[in-house]
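Undergrad: This structure is in C-alpha cells; I'll ask about it shortly.
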Amino acid sequence: MILVYKIIEHIKKSEMKDILKIQSAVLKATHDFMWLKEMTQLMPVMLSSVTDPLAHDVFDSSIIYDGQRLELTKSMILHKQISMSRGDMKGIYIVSPNIRLERPECKDSGRHLIEFSQVDIELKDATGEEFRKFMEELIVYILSFVKKECKEELERIGRKIEIPKTPFKVYDSVKLKEVYGADYEKIVSEKEKEPFWITDLYREFYDKEDPISKKHLNYDLIYPEGFGEGLSGAEREHIYDIIIEKMERRKTDPKMFEPYLKIAKEGHLIPTAGGGFGVERMVRFLTGKKHIREATLFPRVPGEGIEI
Ligand code: ASN
C-alpha cells in the first residue's frame with residue numbers, strides 16, 4: 001500500500017468547490033425528481049447479515065459483532081427487494097454508501113472507489129424497459145438542472161453539458177461482444193456521444209432471466225466519451241425456486257443468504273425492477289475528469305491507501 005494523497009492539497013484545489021456544487025446539484029435534482037414521482041426515500045443500512053454477492057471478486061469486508069458475522073453493504077439490492085414486499089409503495093430510493101474492497105489492480109480504471117455512494121432505486125411491478133425510461137427521464141432532469149444552476153462552475157471547469165436525446169440507444173451485450181470482443185464496453189463507450197444501455201449481461205442470481213429466450217433481463221447504463229459504466233440494474237427474480245436454481249448455476253452458497261431466502265420462500269418478494277447509479281461516477285462524467293479521484297473530496301481509490 002502506498003499513500004498517494006496529500007489530502008489537504010486535494011481538498012484545497014481551486015475547482016473543488018465547483019465540483020462539490022455540481023455534486024450537490026445532482027443530489028438536489030434527484031430528490032426533487034423522486035418527490036415528483038412519489039418515490040419513498042429509505043435511509044441506508046451499512047451492516048447486514050446479507051449483502052450483494054456482486055458479479056466480480058472483491059476482498060472480504062465482513063466483521064464480527066457480538067458473535068454475529070455482519071457484512072458491510074456492497075449494495076442494498078436485497079434490502080430494496082425486501083422493502084418492496086410491503087406492496088404499497090410505488091417505488092423507493094436510497095442514497096446508499098457502499099463498501100467494495102476492490103483489487104488494487106482497478107486503481108487505474110479511473111472509475112473504481114472502494115467506498116462510494118449510489119442512488120439505488122426500485123420500482124414496483126416495472127419491466128426493465130419501464131425502469132430504463134424512468135432513469136432516462138431522471139438523467140435528463142439532473143443534467144438540465146446542473147446545466148442551468150451550475151453555469152459558472154461548468155465554465156470554470158471547462159465542461160459543456162449536452163442534454164441527451166431519449167430514448168437512449170440499447171445494445172445487446174452478446175452482439176457487441178461478437179463485433180468488438182471482450183473489451184466491448186470500453187470501445188463503444190469511447191465511440192458514443194450520448195449515454196446508452198447495454199442489456200443481457202451474465203450476473204447475479206437476483207437478476208431475472210427470460211424463461212423462454214433465456215436472456216438476462218438486466219442492463220448497464222454506459223456514459224459516452226470513454227467514461228464507462230454508471231449504473232447497473234435489472235428486472236428481479238422473486239420466485240424462490242428459480243432463485244435457488246440460479247444460485248446453483250452460479251455456485252453461490254445458499255447458506256450465505258439464509259435470511260433472504262427464508263423471506264423469498266415465504267412468498268414475500270414481488271415483481272420489481274431497478275438499478276443504482278454511482279454519484280461519484282456521475283459527477284466525474286459531468287465534470288469530465290479523467291480519474292474519479294478528482295471528482296470527490298475524500299477519494300478511496302483501490303490500492304492507494306487512505307490518508308484520512
Ligand atoms: N444497484 C444495483 C441494482 O439495483 C446492484 C449493484 O449495485 N450491484 O441492481
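Undergrad: Among what's in region 262-281 and is closer than 22 Å to ARG69 by Cβ and out of contact with any Phe, Trp or Tyr (no Cβ under 7 Å at 6 or more places or on another chain), pick the residue that is surrounded by the fewest Cβ atoms within 10 Å (Cβ to Cβ). First the steps, then the outcome.
TA: Step one: list which residues in region 262-281 are closer than 22 Å to ARG69 by Cβ, which gives 262-265.
Next cut, out of contact with any Phe, Trp or Tyr (no Cβ under 7 Å at 6 or more places or on another chain) only: 262-263.
Working: LYS262: 11, ILE263: 16.
Looking at the filtered set, the residue picked out is LYS262.
Undergrad: Give me a count of the residues in region 228-243 that are among the hydrophobic types (A, V, I, L, M, F, W, C), more than 14 Å from the ligand (Cβ to nearest atom) and touching a helix residue (DSSP H, G or I) at 6+ places or on another chain (Cβ under 9 Å).
TA: Counting residues in region 228-243 that are among the hydrophobic types (A, V, I, L, M, F, W, C), more than 14 Å from the ligand (Cβ to nearest atom) and touching a helix residue (DSSP H, G or I) at 6+ places or on another chain (Cβ under 9 Å) gives 2.
Undergrad: Of all residues in region 282-301, how many are surrounded by fewer than 24 Cβ atoms within 10 Å (Cβ to Cβ) and within 14 Å of the ligand (Cβ to nearest atom)?
TA: Residues in region 282-301 being surrounded by fewer than 24 Cβ atoms within 10 Å (Cβ to Cβ) and within 14 Å of the ligand (Cβ to nearest atom): 0 in total.
Undergrad: OK, next. Can you find a residue that is more than 16 Å from the ligand (Cβ to nearest atom), more than 26 Å from GLU122 (Cβ to Cβ), modelled with pLDDT of 95 or more and surrounded by 14 or more Cβ atoms within 10 Å (Cβ to Cβ) anywhere in region 191-211?
TA: Keep residues of region 191-211 that are more than 16 Å from the ligand (Cβ to nearest atom), which gives 191-196, 210-211.
With the extra rule that they be more than 26 Å from GLU122 (Cβ to Cβ), the set shrinks to 191-193.
Still in the running and modelled with pLDDT of 95 or more: 191-193.
So of that shortlist, the ones also surrounded by 14 or more Cβ atoms within 10 Å (Cβ to Cβ) come out as 192.
Yes, there is a match, as at least one residue in region 191-211 is more than 16 Å from the ligand (Cβ to nearest atom), more than 26 Å from GLU122 (Cβ to Cβ), modelled with pLDDT of 95 or more and surrounded by 14 or more Cβ atoms within 10 Å (Cβ to Cβ).
Undergrad: Here's something else I'd like to know. Please find, within region 249-274, the residue that is nearest to the ligand (Cβ to nearest atom) out of those that are hydrophobic (A, V, I, L, M, F, W, C) and outside any helix (DSSP H, G or I).
TA: ALA273
Undergrad: Right, here's the next one. Looking at region 51-65, which of its residues are of a type in the set (A, V, I, L, M) and more than 10 Å from the ligand (Cβ to nearest atom)?
TA: Hits for region 51-65 are VAL58, ILE63, ILE64.
Undergrad: Exactly one condition in (1) in a loop (DSSP other than H, G, I, E, B); (2) in contact with an Asp or Glu (Cβ under 9 Å, 6 or more places away or on another chain); (3) away from the ligand (no atom under 14 Å from the Cβ) is false for LYS246; which is it?
TA: Result: LYS246 passes all but (1).
Undergrad: Within region 212-227, count every residue that is within 12 Å of the ligand (Cβ to nearest atom) and assigned to a loop (DSSP other than H, G, I, E, B).
TA: Here the count works out to 1.
Undergrad: What number of residues in region 66-120 are of a type in the set (D, E, K, R) and more than 16 Å from the ligand (Cβ to nearest atom)?
TA: Summing the residues that are of a type in the set (D, E, K, R) and more than 16 Å from the ligand (Cβ to nearest atom) in region 66-120 gives 9.
Yes/no matrix, rows are residues, columns are (1) surrounded by 14 or more Cβ atoms within 10 Å (Cβ to Cβ); (2) under 26 Å from PHE205 (Cβ atoms); (3) of a type in the set (Ser, Thr, Tyr):
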residue	(1), (2), (3)
SER14	no, no, yes
ILE22	yes, no, no
LYS37	yes, no, no
SER48	yes, yes, yes
PHE59	no, yes, no
ARG69	no, yes, no
LYS90	no, yes, no
VAL95	yes, yes, no
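Undergrad: Out of region 229-255, which residues are crowded, with 20+ Cβ neighbours inside 10 Å and more than 13 Å from GLY274 (Cβ to Cβ)?
TA: Of all residues in region 229-255, those crowded, with 20+ Cβ neighbours inside 10 Å come to 230-237, 243.
Result: GLY230, ILE243.
The values are calculated or read from the model by the stated rules, or taken from the named source; none is laboratory data. None of these values were measured; they are calculated from a predicted model. Cβ atoms come from the backbone with ideal geometry, glycine included; neighbour counts cover every protein chain shown.
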